[in-house]
Amino acid sequence: MRTPMWLPVLCLSAWLAAALGAVPTWSLSDKSLTVTGAASQSASFDSSQEILLTATDRLKVSFQAQLKDGTPKAIRAHQALLVLTHETTQAQIIRTFDCTNQGKYSLSYKPKGPAGLYRASIVLGTFAAPRGFKQALPPVHFVNNVPAAGPLAVFQAKPEIEHRFQPPQKEPWTILALLATVVCTSPLAGLLAVWQRLGANTKRLGSPISYAFTGCLLAYGCFYTMFWTTWNILEALAYGSVLSLISLVLGRYALLEVANHRTQAD
């Protein structure tokens, strides 16, 4: 049995009709358009009467957007803009609506632009709908507004930086530095005096071990000097550990040498 030629065309038409019928449509509710300032006024979205705005007035627009796809549901658009187009220059002023999760939009705009008549419209767009939405508003007339200033210069002179240097630190008197040196070296002088009183014996200082051990004692002085002037704590620990190990070994051999000489003398 041959299929009628009109049957595929009918099926395709039915499918296109169903697809087009499933396209969601926009609707607005709870619409409010007011002007606050010296002369408060209100208007409807569908009005054609001009809205006068001075430099001290504020235009407030609020509404709730819904998508009708079988059952109407509130929608939070990805783009919600108020577009003001100057009738003469065609320059546009674009402001963004604040939106809640319930699909409620609001905007408060203070005129900042050249005086003249503007076409006003609401533009909505979302990925949930293949087509955007545009709602015309009553024309807005800016009165006695100062022309908008041009873009600010990116490269311009900055305030001069005034450097205030710290006054030089006062150094202590030289006599104080000398006195501190005497105080620090007095224990060494006292130690030598006590050693001499107890019977200093310098006969064994000529041996290599004695020279090496005495050099370690002098190295400790250099170690403390470098620690206070140059090294940090990690460097001081590294050098100090090596120096202490060498001093321990040399001191042990020096004491053994002294003990051997005493044994031989006895």
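Is there a residue in region 217-230 that is farther than 22 Å from LEU188 by Cβ and either surrounded by 10 or more Cβ atoms within 10 Å (Cβ to Cβ) or among the charged types (D, E, K, R) (or both)? Within region 217-230, none of the residues are farther than 22 Å from LEU188 by Cβ and either surrounded by 10 or more Cβ atoms within 10 Å (Cβ to Cβ) or among the charged types (D, E, K, R) (or both).
For region 74-94, name all the residues that are in contact (Cβ under 8 Å) with a residue 24 or more places away in the chain and not aliphatic (A, V, I, L, M). Give the steps one after another, and end with the answer.
So the first thing to find is which residues in region 74-94 are in contact (Cβ under 8 Å) with a residue 24 or more places away in the chain, and the list is 74-89, 93.
ARG76, HIS78, GLN79, THR85, HIS86, GLU87, THR88, THR89, listed by residue number.
If you filter region 78-128 down to residues that are touching a Gly at 6+ places or on another chain (Cβ under 7 Å) and of a type outside the set (Gly, Ala, Ser), you find that the one that is surrounded by the most Cβ atoms within 10 Å (Cβ to Cβ) is LEU124.
Exactly one residue among PHE63, PHE127 is among the aromatic types (Phe, Trp, Tyr) and modelled with pLDDT under 85, and that residue is PHE127. Take the conditions modelled with pLDDT under 80 and farther than 22 Å from THR96 by Cα and apply them to GLY37. Does it pass? Here the answer is no, as GLY37 does not meet what is asked. Scoring GLN156 on the criteria (1) of a type in the set (S, T, N, Q); (2) in a helix (DSSP H, G or I); (3) at pLDDT below 85 leaves a single failure, condition (2). Taking the criterion of being hydroxyl-bearing (Ser, Thr, Tyr) and in contact (Cβ under 8 Å) with a residue 40 or more places away in the chain, the only residue of region 116-131 that qualifies is THR126.
The values are calculated or read from the model by the stated rules, or taken from the named source; none is laboratory data. Here the structure is a predicted model, which means the values were calculated and not measured. Methodologically, a virtual Cβ is constructed for each residue, glycine included, from the backbone with ideal geometry; neighbour enumeration extends over all protein chains shown.
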